[in-house]
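First the structure, in the form of structure tokens, and then the observations on it.
The values are calculated or read from the model by the stated rules, or taken from the named source; none is laboratory data. If you're wondering where the values come from, they're calculated on a predicted model, not measured in any experiment. Cβ atoms come from the backbone with ideal geometry, glycine included; neighbour counts cover every protein chain shown.
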Amino acid sequence: MADTVADVHQHEAHGHGDHHHDQSWLEKYVFSTDHKIIGMQYMFTGMFMAVIGGYMAYVFRMQLAFPGISVPGFGQVSPGEYNALITNHGTIMIFWVAMPVLIAAFGNFLIPLMIGADDMVFPRINRLSFQIFFLSSIVLLVSLFVEGGGFGGAWTSYPPLSANGDYNQTQLGASLWLIAVALEFVAFLLGGINFITTLMNSRAPGMKAYDIPLVCWMIVIASILFMLSVGPLLAGAVMLLFDQTLGTGFYDPARGGDPILWQHLFWFFGHPEVYVVLLPAIGITVEVMATFARKKIFGYKMVLYTAVATGVLSFFVWAHHQFIAGIDPRMANVFTITTLLISVPIAEMLFVMIATLYGGSIRLTTPMLWALAFMAEFLIGGVTGIFLGASGADIYFHDTYFVLAHFHYTFFPIAIIGSFCAFTYWFPKMFGKMMNDTLGKIHFWGTVIPFNFIFIPLFVLGMGGQHRRIYNFQHFPQIAGPEYFQLREIATIALLVMLAFQLVFFYNIIMSWMRGEKAGKNPWKANTLEWTTESPAPHGNWPVDELPTVYRGPYEYGHPDREEDYWPQNLPG
Amino acid sequence: EGLFFWLIWKFRAKPGEKSQYLVGNEKHVKRWITIPHALVLVCDVFIVVGAVRVWYNVKQQLPEPDSVIRVTGQQWAWTFQHPGADNELDTSDDIFTVNDLHVEVEKTYHFKLESRDVLHSFSVPVFRLKQDAIPGRSITGWFEPTLTGEYDVQCAEICGIGHGVMAARIHIEDANTHAAWISSASAATTP
Amino acid sequence: MAHARPIATTRSATGIPTPRLAIWWIVASEVVIFGGLLGVYLMHRIGHPEWAEAASHTQTWLGAINTFVLLTSSFTAVLAHQAAEKGKGKEAAKLLGFTILGAMMFLMIKSYEWYGEIAAGYTITANTFWSFYYTAAGLHALHVIAGAIIMGFIAVDAYRGRELHRVEIIGIYWHFVDVVWIFLFPLLYIAK
């Protein structure tokens, strides 16, 4: 809060000083207030956490396919360790990979560049938000190694299991896990305020609301959604922390509390959270598609309004996670209707994307492949979601691998495909070098194909009645047969293949960074403002007296009046 | 999906050709969005009607029971309380078993679901049935077995370290076998 | 570190000054935090009529005095804003000082009250009413403390005639803290 007020400047309308004063290495890369550096910090932290999350997935998939073996690089997996692994895999992938990379990293990197500003409005709050986030990552990693092991109550952390050390047997791990999550929320609240005010107030002269690139809109709508949904959960987290440490009984039925309460608070946040990460991913995809289809977005306002509609609707669907949790059965009917209603705006966004492709002149570069893969895979995720949103079918599918496969088919396109799409698209702007396209395509196919081989078997297993979060299926004769184990082995082997192909990606980053072709200002011939400055953009983004002015919308591709098929936003005339 | 790949193929970049300039404001163009849009809505309505009907049958209405049992979850086992020979729960001849539930085929059962400690979920995949058990509450549900045999009962809500071993079996028996089981079990438990 | 202000901060595409816009967003995010907590409390309260007995052990008149103290401090914050508008930094600083004094009084009364309650055995674990009581009031008290500290910095700046517009920002925040108490007081103390 101190920084909120400390960073408030406004009466010095022309007070921009010298942006190029000498900085030490620490000032420039560690304690920087430059939005691009902070964006990179978020991104590399997110990537590091993704590696850890991937490693966890590897360990527990090995255990599931070959129960009891000593996993190379880990050893024997005990039930407690298994629970800790799945819990933290989920937590890390959503809160420490999807959120920081999609929202914080690209939000920080893109918003000021795309709206023609030299930085965020509150650079020091921005730095503070990263520092809190970084601290929260450390707390989470520490929680894995404390006495008793990491928290093993699933990423949803339902009490009473999570509230009482006697039940979860990881008292310290559970509290640290909760503190880490709460800190992370605070970091994104601070960051979100920055995004929102920056977008609202710091646009380049001439840039009207409908001239803002969609990805900026999406990140900001997502920040607002996050801000409005996370509050009750933060209060709930404080209550849970008191239950864990002080011995209060907020969630203890024996003492007047209610264990279902946490579920309501969690999912009131948790479901909008899906859209919090989905919207930026859609924004990125739309951006990339417009550039590589050389087409204007089919209905800019339509995308924007459906995003808002999705956001509003997402507040009224949370209880579909609790159909069988003991809520009033009549409520389930209401939530079935709202849940299926949300398919309308989402379907509409996909139609808009398809319509954007129609009549375009598609160039299948690596980022474009990622964008198309996002659409294709997310469609599967969306369609399977309808089975789960329908209360009747959910009785059976709830908490089976069907759910698991479903949300991986939504989250993988969002968090992984969306991030790769953005990363490959904006890599030239970040590092000034082109990425190797061949390696990029190898990595693309090496990721997307195994992905389907991981989760399609899991759909089948889920329909066969296999439940989540069980570390060894040999105790259940009905699902311990060899045909089930074959499916599990296929999934595990596909995962190994997919992880191996990520090495190509890292190799590609390093090689392109060191030896890549120089990118130039606008390698993709795109319209938006970030391509009008140097690559990589200097501190302050543009020379002080050359900040861009905007004359038109961001997606004027293939305009009939122009020789060139693109028309940058800042060109007059 | 097919349409999607066709579009990608059809509109590959051809050198020297500019893309079409479609704004998306004209009526005949907007039709391409509104028609599928309406289709999605119609599908949604069908699904909602179907889902609600199933839901109503399974969860909202309770048919008259032939028998009532009590299911209690705890870390990490299921306790089943059968009504015993007099077919009434909470009498002295109740039969308690751990991780083995015995029911008779083609009888309607009510179950009262409780929990001693944390959340559990009583899931019988073969019945397509699932209900969370919540400490401090007793939740009533119903089922009617139609096949005989022996099937899995799982816990479907993570409940701690032993979650993976919280397995039980449901034995669905015909009338004679079930009666025989009741008498032998009662004999075993009566002092 | 010599810190140059970005041009971004000085722009105002909406016409609303950026700091004011930001503080309203902060208030909005705080509203949902307190809203969630109070909503949950209300739902429990309706479900547990027996909590009225526990609530009768709260000290209503101390709460009432605190309400008065907080309202007065909000009033001086308004006066400080007016003074700052006229460019009178020293006067604004003095008035902010009164507000901080009000905050301290509020906290002192609060600790006296809690001391008595804890001594009487009504601790945070006594029952869930008391858990809510301490959690909600404690969260509010944290906001009071944070607000008072920030106000201190702003008052020092204002005294030197710098950053006078911040007086308004902290005023908005302080009103919010006040309004939260207006909700807490009847819900925790009066409803019996």
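Numerical summary
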item: Residue count for region A:245-262, restricted to those that are assigned to a helix (DSSP H, G or I) and within 14 Å of chain B (Cβ to nearest Cβ); result: 7
item: Residues that are among the aliphatic types (A, V, I, L, M) and either surrounded by fewer than 22 Cβ atoms within 10 Å (Cβ to Cβ) or away from every other protein chain (no Cβ under 13 Å) (or both), drawn from region A:132-165; result: A:132, A:135, A:138, A:139, A:140, A:141, A:142, A:144, A:146, A:154
item: Residues of region B:98-136 satisfying the condition of being closer than 15 Å to residue A:253 by Cα and in contact with a Phe, Trp or Tyr (Cβ under 7 Å, 6 or more places away or on another chain); result: B:117, B:118, B:119, B:133
item: Residue within region A:384-399 that is surrounded by 23 or more Cβ atoms within 10 Å (Cβ to Cβ), more than 13 Å from chain B (Cβ to nearest Cβ) and assigned to a helix (DSSP H, G or I) present; result: no
item: Any chance residue C:187 is in a loop (DSSP other than H, G, I, E, B) and in contact (Cβ under 8 Å) with a residue 12 or more places away in the chain; result: no
item: Qualifying residues in region C:152-167 (those that are of a type outside the set (Asp, Glu) and at the interface with chain A (Cβ under 9 Å from one of its Cβ atoms)) - the one surrounded by the fewest Cβ atoms within 10 Å (Cβ to Cβ); result: C:153
item: Residue match in region B:57-74 (condition: under 20 Å from residue B:137 (Cβ atoms), of a type in the set (Lys, Arg) and touching a Pro at 6+ places or on another chain (Cβ under 7 Å)); result: yes
item: Residues satisfying the stated conditions in region A:239-248, i.e. farther than 19 Å from residue A:155 by Cβ and either aromatic (Phe, Trp, Tyr) or surrounded by fewer than 24 Cβ atoms within 10 Å (Cβ to Cβ) (or both); result: A:242, A:245, A:246, A:247
item: 1 or more residues at pLDDT 85 or above and more than 19 Å from residue A:417 (Cβ to Cβ): qualifying helices (runs of 4 or more DSSP H) within region A:1-116; result: A:35-65, A:79-91, A:106-114
item: Yes/no for residue C:65 being farther than 16 Å from residue C:165 by Cα and either of a type in the set (A, V, I, L, M) or more than 14 Å from chain A (Cβ to nearest Cβ) (or both); result: yes
item: Residue count, region B:123-180 (criterion: assigned to a helix (DSSP H, G or I) and either among the β-branched types (Val, Ile, Thr) or in contact (Cβ under 8 Å) with a residue 40 or more places away in the chain (or both)); result: 8
item: Residue C:40 β-branched (Val, Ile, Thr) and within 11 Å of chain A (Cβ to nearest Cβ); result: yes
item: Complete set of residues in region A:314-334 that are surrounded by fewer than 22 Cβ atoms within 10 Å (Cβ to Cβ), modelled with pLDDT of 85 or more and under 20 Å from residue B:49 (Cβ atoms); result: A:316
item: Verdict on residue A:116 being more than 20 Å from the chain's Cα centre (by Cα) and touching a residue at least 12 places away in the same chain (Cβ under 8 Å); result: yes
item: Any hit, region B:81-90, residues being in contact with a helix residue (DSSP H, G or I) (Cβ under 8 Å, 6 or more places away or on another chain), touching a residue at least 40 places away in the same chain (Cβ under 8 Å) and within 20 Å of residue B:130 (Cα to Cα); result: yes
item: Filtered residues of region A:359-411 (kept if among the acidic types (Asp, Glu) and closer than 30 Å to residue A:558 by Cα); result: A:377
item: Criterion violated by residue A:350 - all others in (1) outside any loop (DSSP other than H, G, I, E, B); (2) within 19 Å of residue B:60 (Cβ to Cβ); (3) more than 7 Å from every other protein chain (Cβ to nearest Cβ); (4) in contact with a Phe, Trp or Tyr (Cβ under 8 Å, 6 or more places away or on another chain) satisfied; result: (2)
item: Condition broken by residue C:123, with the remaining ones in (1) surrounded by fewer than 19 Cβ atoms within 10 Å (Cβ to Cβ); (2) without any contact (Cβ under 8 Å) to a residue 12 or more places away in the chain; (3) not in a loop (DSSP other than H, G, I, E, B) satisfied; result: (3)
item: So residue A:309, is it surrounded by fewer than 22 Cβ atoms within 10 Å (Cβ to Cβ), more than 10 Å from chain B (Cβ to nearest Cβ) and touching a residue at least 24 places away in the same chain (Cβ under 8 Å); result: yes
item: Any chance residue A:344 is within 7 Å of another protein chain (Cβ to nearest Cβ) and either within 17 Å of residue A:275 (Cα to Cα) or surrounded by 22 or more Cβ atoms within 10 Å (Cβ to Cβ) (or both); result: yes
item: Pair list, Cβ under 7 Å, 6 or more apart: region A:134-150 residue more than 26 Å from residue A:31 (Cβ to Cβ), other residue charged (D, E, K, R); result: A:149/A:81
item: Answer from A:194, A:126, A:168, A:108 - the residue that is free of Cβ contacts under 8 Å to residues at least 40 places away in the same chain, in contact with a helix residue (DSSP H, G or I) (Cβ under 9 Å, 6 or more places away or on another chain) and crowded, with 24+ Cβ neighbours inside 10 Å; result: A:168
item: Long-range neighbours under 9 Å by Cβ, at least six apart or interchain, first residue among the polar types (S, T, N, Q) within region C:41-64, second part of a loop (DSSP other than H, G, I, E, B) and at pLDDT 80 or above; result: C:58/C:122
item: Residue A:510 vs. criteria within 14 Å of chain B (Cβ to nearest Cβ), out of contact with any Leu (no Cβ under 8 Å at 6 or more places or on another chain) and without any contact (Cβ under 8 Å) to a residue 40 or more places away in the chain; result: no
item: Residue in region B:118-141 that is farthest from the other protein chains (Cβ to nearest Cβ), counting only those that are surrounded by fewer than 24 Cβ atoms within 10 Å (Cβ to Cβ) and in contact with a Pro (Cβ under 6 Å, 6 or more places away or on another chain); result: B:135
item: Of all residues in region B:142-152 being facing chain A (nearest Cβ under 9 Å) and within 15 Å of the chain's Cα centre (by Cα), the one that is nearest to residue A:475 (Cα to Cα); result: B:152
item: In region C:1-22, residue modelled with the highest pLDDT [restricted to those that are more than 7 Å from chain A (Cβ to nearest Cβ) and closer than 28 Å to residue A:229 by Cα]; result: C:20
